[in-house]
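A short worksheet on the structure shown next.
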């Protein structure tokens, strides 16, 4: 005969329960989705076309010859294009988050007493939809107004894609990534440990965003009386994401104590996920500091910006500017590597207490193997190929 018994270790762990309850209560109470929905409705590019949207150092190709040679109005445009590029990447990450929040909730809801976690993930999923809508509203209007087409953005996509928009990829790699994501979604939906450990990967990715977005949000807090709508969006998004990071940390560091110890298979899958995150975050972008894009994949987009009426460069001038920005050691490159180093250090600290994480992941060996000389060597080879593919004349 079946009897009732309390099988939930989570309920027995009062400290972890309190953390979860407090995080959920505060996130629900301070949900900024309505604020972001309202800002999306109010946004009009013409009303903030001539103002900065981020701290000045968060501008497209800041600290490179393009920035140094730009006029005051061009610098404002580069600052706005950083916002467009940055949040285009955030949309991609949040599309994936929506799906994997739900597969994780599916994997955990089968356990007694885990409803609170699932409710938290549901709240965050709803917030992500609001975030995406808000970002797309701004980005679509800006790119349509300025260029009449998409440059950094893209039509809505499935979560089974490369998370990094501008990645070192090809058709086979895209197919393989799709298979991996499908497989993880299926496995984690029936495996509580892996459902929980998706949040380890999410925590790492959110941690990098948190480091950058805190700085972006300060542009609004330091200019509240005259803050453009995109800056306000950065601020409210950061507040929501702070609770998302808390959720990731609690699940990946505390809730695991309420689960059975991981099997060798579960350890392997978890470490493969973190290694994949290292691969995504290996590259350093001089174009968009804080987003670890593969700059060769960005060449054509930047080329189109340079050739647009806003900069008006000839083919030869655009080619020379690409060479100066991407193949030379600049202040912008050092700033981007500084952000990369900060991310490595924060990831190492985040993973340090998790005994099922491999040494190569804890030390972030793959990410740490990148360097300025390696970056420049890659750019020189890749830019030469780009010029030949575009049939541009090389000096």
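Read-outs throughout are calculated quantities, based only on the coordinates presented, and are distinct from any laboratory measurement. From a predicted model like this one, the values you see are computed outputs, not experimental measurements. Neighbour counts are summed over all protein chains in view; Cβ atoms, including those assigned to glycine, are modelled from backbone coordinates with ideal geometry.
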7 Å from Cα along Cα→Cβ at both residue 68 and residue 25: what's the point-to-point distance in nm?
5.5
Residue span residue 156 to residue 210: 0.36 nm per residue of separation minus Cα-Cα distance leaves a gain in nm of 17.1 nm
Spin-label pair residue 187/residue 110, simplified geometry with 7 Å Cα→Cβ offset, distance in nm:
1.5
Tilt, helix 33-42 to longest principal axis of the chain (alpha-carbon atoms), in degrees rounded to tens, equals 30
Work out Dmax and Rg for the stretch 124-254 from the C-alpha atoms and quote the Rg first, both in angstrom.
17.2, 50
Stretchable slack from residue 18 to residue 341, in nm (0.36 nm times residue separation minus alpha-carbon distance):
112.9 nm
Between the Cα axis of helix 192-221 and the main Cα principal axis of the chain, the angle (0 to 90°, nearest 10) is 40
Could you check the spin-label model distance between residue 129 and residue 279? Points 7 Å from the Cα along Cα→Cβ, value in nm.
3.2
GNM on the chain, C-alpha springs below 10 Å: top fluctuator among 81, 259, 351?
259
Which value results when the Cα radius of gyration for the stretch 167-236 is divided by 2.2 N^0.38 Å?
1.65
Taking a ≥ b ≥ c as the square roots of the Cα gyration tensor eigenvalues, with a/c under 1.5 meaning rounded and otherwise prolate when a/b beats b/c or oblate if not, the stretch 224-331 comes out oblate
Angle, helix 331-351 long axis vs. longest principal axis of the chain, Cα atoms, 0 to 90°, nearest 10?
10
For a quick protection proxy, order the peptides 363-376, 130-143 by their average other-Cβ count within 10 Å, most packed first.
130-143, 363-376
With a Förster distance of 45 angstrom and the Cβ-Cβ distance between residue 359 and residue 170, calculated FRET efficiency to the nearest 0.05 equals 0.90
Over the stretch 22-83, with a single point scatterer placed on each C-alpha, what log10 of the ratio I(q)/I(0) does the Debye formula yield at q = 0.17, 0.19, 0.21 1/Å?
-0.69, -0.75, -0.81
How far, in nm, would the chain grow between residue 222 and residue 38 when pulled straight, counting 0.36 nm per residue and subtracting the alpha carbon separation?
64.1 nm
Relative contact order (%) - criterion: Cα under 8 Å, at least six apart; region: the stretch 143-275:
26
Which value in deg cm²/dmol, rounded to the nearest 500, describes the helix-derived mean residue ellipticity at 222 nm for the chain, given -39,500 (n - 2.57) per DSSP H run of n ≥ 4 and division by the residue count?
-22500 deg cm²/dmol
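Provide the FRET efficiency to the nearest 0.05 for the residue 315-residue 56 pair, computing r from the beta carbons and using R0 = 35 Å.
The formula returns an efficiency of 0.75 here.
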Relative contact order for the chain: what is it in percent, counting Cα pairs under 8 Å that are at least 6 residues apart?
21
For a quick protection proxy, order the peptides 17-30, 195-208 by their average other-Cβ count within 10 Å, most packed first.
195-208, 17-30
Please give the direction-averaged projected area of the C-alpha convex hull for the chain, in square nanometres with one decimal.
20.6
Principal axis extents for the stretch 274-395, Cα atoms only, whole Å, descending order, please.
56, 25, 20
